[in-house]
Amino acid sequence: MSYRVLVVDDEPLARQRLKRLLDEHKDFACIAEAGDGQAAVDWLSQFRADLVLLDIQMPGLDGLQAAEKIRAQVNAPVIVFCTAFDDHALAAFDVDAADYLLKPIRKEDLTRALSRTAERLSRQVSGPAARTHISARTSQGLVLTPVDDVLFFSADQKYVSMHHADGETLIDDSLKQLEEEFPQRFMRIHRSYLVASDRVQRLENTEEGVVLWLRDCEQPLPVSRRHAPGVKKHLRGG
């Protein structure tokens, strides 16, 4: 999937830098650019974008005013502000911006903003239901992993890892957030583990305690005494 991006800034060099940074993210493509807020609003009245990277300080219609008009359009795109000033942050989030980036924009900040954008767009596509993909920021840029490919999530202090067929990826979500968003798809088996319910195979008693085996997973996962009854009930089909 490739998301369509409109880059809006009155400085040509700023637009060029954003486009170069976007080139590092294969799931996002700059399909148009505008030099002021009114030009962005006019373009979006005729064409579709998924994301608008929007400067704030511009002649004529500024970024905040443009964002208000953009939000009123049918199928409005996600907005991420890119500005040299930090005194508009509260106003930016009043128009439901996904992120607020300060110039000069760093690669990691743009990656974070694109991650948030992808999650919003995923929720829009699936309506009130959960996301279909989990986003992660990696050294290769933003990566989207289908939820169906996830084996389990594990937590180690403040870090959460997503384990899937292609390996392991660090993500920004907490186990609690994931458990609340996907109550039917993932099951808590331990304070540090959340597993794909449809991959659960069997429990095994070991000297270290009860462990759970998942389909397509080569390692057993620990099951806490607190969560063992729920896992057994699931295995019985209850």
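A few remarks follow.
- Spans of strands (runs of 3 or more DSSP E) in segment 106-185 with at least 2 residues in contact with a helix residue (DSSP H, G or I) (Cβ under 9 Å, 6 or more places away or on another chain): 133-138, 141-146, 150-156, 159-164
- So LEU51, is it under 14 Å from VAL5 (Cβ atoms) and touching a strand residue (DSSP E or B) at 6+ places or on another chain (Cβ under 8 Å): yes
- Pair list, Cβ < 8 Å and 6+ apart or interchain, from segment 212-238 residues that are under 24 Å from ASP149 (Cβ atoms) and in contact (Cβ under 8 Å) with a residue 24 or more places away in the chain to residues that are open to solvent by 70 Å² or more (accessible area, probe 1.4 Å) and among the small types (Gly, Ala, Ser): ASP216/ALA165
The values are calculated or read from the model by the stated rules, or taken from the named source; none is laboratory data. Since this is a predicted model, take the numbers as computed values, not measurements. No Cβ is skipped: glycine too gets one built from the backbone with ideal geometry, and neighbour counts run over all protein chains shown. With ligands, DNA and RNA removed, areas are computed over all heavy atoms of the protein, side chains included. Shrake-Rupley method; radii C 1.70, N 1.55, O 1.52, S 1.80 Å.
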